[in-house]
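Down below is the structure, laid out as structure tokens.
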Amino acid sequence: MSDTAPRTSTAPLLVAAAGGTPAHPPVWFMRQAGRSLPEYREIREGIPMLEACFTPELVREITMQPVRRHGVDAAILFSDIVVPLVAAGIGVDIVPGTGPVVAEPVRTRESVEALPLLAPDGLDPVAEAIRLLRAELGETPLIGFAGAPFTLASYLIEGGPSRHHERTKALMYSDPATWHALLGALATITTTFLTVQVAAGVQAVQLFDSWAGALSERDYREFVQPHSARVLGAVHGVPKIHFGVGTAELLPAMREAGADVVGVDWRLPLDEAVRRLSRPGTPAPVVQGNLDPAALLADFAVVEREVRRIVEEGRAAGGHIVNLGHGVLPNTDPEVLTRVVELVHSLTP
Ligand code: 1CP
């Protein structure tokens, strides 16, 4: 933080993340940049995803698009969870219509030991994009992010997107030593990715453990939580949001990993999530979520009812950041997102 920066921010997202009462409920959308916006499709025309992620001027513009269009309470850096793997020299590409594809899947002790380290200067274009964005964003906070070790491991082991994560779990159960070596290496890479972003100026971070909900709580605690906790413990000075999908049974363990804010998907009402997250003698939990992304495809009367319900249920929390329960679906009408922002801003926190 520079000498001239205010010590406390009144930005609603940062107030809510700290458990305070903001002027209005803050709202942003996971995957708010990207395929639902025609201006995004236009600017990405002919430019591969990863090339875009390493071009500061493009990252700046794509990150700004949803802020300008919707008036959301935060920008999220346009990047991807595999960007630090690419910066480390691991062979990963993002294939249109598929997602991350890994050239040589990592399934043995030898391939884990051969994983490269990530030198921070490999992320210089990302840091440069963050500096450009802070200069442009003014009072609107910029959220940085990374994929958590488990979710990254799933892509590396499976070789690409996976429904059941079966090779991932097979390695976890059959060779715990190799498993922990892999998650340890990924925790180190993820920590570098996040600390570079914080040093460059992001004002909050979100750790995406999108696929952690595939695990039982017992397995999560044994095989995953220590590595995510190491990442979260190494990031200082900004609020930390910890998010996964299908994590109703994992929420307390995810909070214990060190998060200030726990992201909740649409399967669990926020008041029930708060009940599960609460511990006697500790401050009321702060939550983020949890509109079903598919509900945005319904009539606006339905959307409005759902938004009002979620803001109401969020009152049980110490603070509430309104968001979806997972990312914006590509066929979402951007007008609906703008109307949701207007509606949320008209409500009392
Ligand atoms: O608002 C934003 O768009 C921010 C940028 C962002 C973020 C936060 C992108 C751009 N990716 C992510 C995170 C990300 N990437 C996650 C965690 C969040 C989540 O659970 O949705 C995951 C799991 C990925 C991996 C990934 N990258 C996928 C999912 C594949 C699967 O397993 O189902 C996909 C499709 C990508 C590519 C990608 N990343 C981002 C965009 C806009 C795209 C589409 C690529 C394109 O436009 O060609």
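Laboratory data are not the source of any read-out in this text; all were calculated from the coordinates shown. It should be emphasised that the depicted structure is a prediction, and the values quoted were computed from it without experimental measurement. For neighbour counting, all protein chains shown are included, and Cβ atoms are generated from backbone atoms with ideal geometry for every residue, glycine included.
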- Item | Estimated D of the range 39-117 in µm² per second, where Rh is the Kirkwood radius over Cα pairs and Stokes-Einstein applies at 10 °C, 1.306 mPa s | 110
- Considering every Cα-Cα pair within the range 138-248, what fraction, in whole percent, is farther apart than 23 Å? 27
- Item | Residue (of Leu142, Tyr155, Ile130) at the positive-pole extreme of the range 121-175, dipole from beta-carbon charges | Tyr155
- Message: Let's test the formula: R0 of 35 Å, r as the Cβ-Cβ distance of Ala298 and Asp93. What FRET efficiency results, to the nearest 0.05?
- Response: 0.50
- Note the per residue figure in Å³ for the convex hull of the C-alpha positions in the chain. 125
- Taking θ as phi - 60°, what are the ³J(HN,Hα) couplings along the range 59-76 by the Karplus curve (6.51, -1.76, 1.60), each to the nearest whole Hz, with x for Gly and Pro? 4, 4, 5, 5, 5, 6, 3, x, 5, 5, 6, 9, x, 5, 8, 7, 9, 10
- Normalise the Debye intensity by I(0) for the range 246-342, one equal point scatterer per Cα, no solvent, then take log10 at q = 0.17, 0.21, 0.22 Å⁻¹ and round to two decimals. -0.71, -0.99, -1.06
- Amide H partners (placed H, <5 Å) of Asn323, local residues excluded: Gly289, Asn290, Leu291
- Message: Expected output is a single nm value to one decimal: the length gained when fully extending between Glu222 and Thr108, i.e. 0.36 nm times separation in residues minus the C-alpha distance. What is it?
- Response: 39.0 nm
- Task: Quick one: P(r) of the range 291-349 from all Cα-Cα pairs, 5 Å bins, percents rounded to integers, in order of increasing distance.
- Result: 4, 19, 32, 26, 13, 5, 1
- How high is the FRET efficiency between Asp175 and Asp121 when r is their beta carbon distance and R₀ equals 41 Å, given to the nearest 0.05? 0.75
- Message: Rounded to whole Å, give me the distance from the Cα center of the range 119-180 to that of the range 310-345.
- Response: 24
- Query: In whole percent, what relative contact order does the chain give with Cα contacts below 8 Å and a gap of six or more residues?
  - Reply: 21
- Message: Taking every DSSP beta bridge with both residues inside the chain, roughly what % is antiparallel (nearest 5)?
- Response: 15
